[in-house]
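The numbers here are math on the coordinates, done by the rules we state, and not lab data. Everything quoted here is computed from the prediction, not taken from an experiment. Neighbour counts are summed over all protein chains in view; Cβ atoms, including those assigned to glycine, are modelled from backbone coordinates with ideal geometry.
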Amino acid sequence: MEMTARTREPSPTPADRAERILDPPQTAAERRAVRHKLEEPAPTTKVSVRNLNFYYGNNQALFDNNIDIPALRVTAVIGPSGCGKSTHIRVYNRIYELYRDHRATGEVWVDGRDILSPNTNLLELRKRVGMIFQRPTPFPMTIFENIAYGIRLHYRASRSEVSDRVAHALKLSALWDEVAEKLDEPATALSGGQQQRLCIARAIAVEPELILMDEPCSAIDPVATAKIEELIEVLKDDYTVVLVTHNMQQAARVSDFTAFFYKGYIVEFGPTVEIFQNPKEKRTQDYITGRFG
Ligand SMILES: Nc1ncnc2c1ncn2[C@@H]1O[C@H](COP(=O)(O)OP(=O)(O)OP(=O)(O)O)[C@@H](O)[C@H]1O
Ligand SMILES: [Mg+2]
């Protein structure tokens, strides 16, 4: 038999990655492999944040945040409770505007447009920038309708196109096999981990460019967490992902870049391997080694 397939090294699983990052390589060959990884061509920028300040009434929660989020990569946002992680990512789709007296100043450029500018179309922005919350938030509708709703809102699609898109989103979210037979059942009847994957399916069904996830695994069990981490790995082929997490293992497993927040400031940002193995700031080191937070 003729051998046509090129031999290709199996790509590392999320667990392999975490082991490599949290337990740095020892041999010269291993260190070289990590260096090669760091020398991959720099990705383009998806979001440029310039001098972002955020206020809850008179209380300032973010101070002069500046960051460039790389496109088609996973960026982890880490830092102790109350440091401004959620506040920061909630600016990217202006979801904070649902509340009076929550206010942002500065610039947030998404693909060359400053989304903080007053003439931003919010419906369109929230299609471009999807969000997954800590607790799954299915709509009180059937599984099918949860996903079809956004598709109908944003696209002129025939019934069969809607069905195709719903199925596609559920397959991408690794939920299809579990729900294909019960699309007409209420979404609230799913388990917490399934509901969270449904919310991810709902977000990707409208083809956003950027997906924000605010501690998406903190309310679900380890098996469901592993499924969502695998899904994030797959998503970054097509989407830019920003993931807030308290779990250092998770940040090391799934992210390419990491931002460390502290008291409303971005203290350090860089490739995840560098932040975990060789942080420049002592506060970053203290946090990731568990000395506070
Ligand atoms: N709705 C609100 N009204 C007033 N202050 C708020 C509000 N939400 C957050 N804050 C304050 O803003 C700061 C940042 O909060 P934020 O929720 O962004 O932190 P976080 O890093 O996401 O924390 P956690 O890890 O606990 O989720 C905190 O001091 C918090 O008390
Ligand atoms: Mg938070």
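With the condition kept exactly as written, say whether any residue in the range 115-130 is in contact (Cβ under 8 Å) with a residue 24 or more places away in the chain and either small (Gly, Ala, Ser) or within 12 Å of ligand 1 (Cβ to nearest atom) (or both).
Checked the range 115-130: at least one residue is in contact (Cβ under 8 Å) with a residue 24 or more places away in the chain and either small (Gly, Ala, Ser) or within 12 Å of ligand 1 (Cβ to nearest atom) (or both).
Just checking, does the range 97-109 include any residue being within 15 Å of ligand 2 (Cβ to nearest atom), surrounded by 13 or more Cβ atoms within 10 Å (Cβ to Cβ) and more than 16 Å from the chain's Cα centre (by Cα)?
Yes, the conditions are met somewhere in the range 97-109.
Pairs needed: first member in the range 196-219, touching a residue at least 60 places away in the same chain (Cβ under 8 Å) and within 16 Å of ligand 1 (Cβ to nearest atom); second member anywhere, small (Gly, Ala, Ser) and not in a helix (DSSP H, G or I); C-beta distance under 8 Å; at least 6 residues apart or different chains.
Qualifying pairs under 8 Å: Leu212/Gly130.
Does at least one position in the range 167-188 carry a residue that is over 19 Å from Pro140 (Cβ atoms), of a type outside the set (Asp, Glu) and under 16 Å from the mean Cα position of the chain (by Cα)?
Checking the range 167-188: at least one residue is over 19 Å from Pro140 (Cβ atoms), of a type outside the set (Asp, Glu) and under 16 Å from the mean Cα position of the chain (by Cα).
Do you know which of the residues in the range 77-120 that are touching a Phe, Trp or Tyr at 6+ places or on another chain (Cβ under 7 Å) and basic (Lys, Arg) is nearest to Tyr55 (Cα to Cα)?
Arg103
Among residues belonging to the range 188-212 that are aliphatic (A, V, I, L, M) and farther than 22 Å from Ile69 by Cβ, point out the one that is surrounded by the fewest Cβ atoms within 10 Å (Cβ to Cβ).
Only one residue tops the list, namely Ala189.
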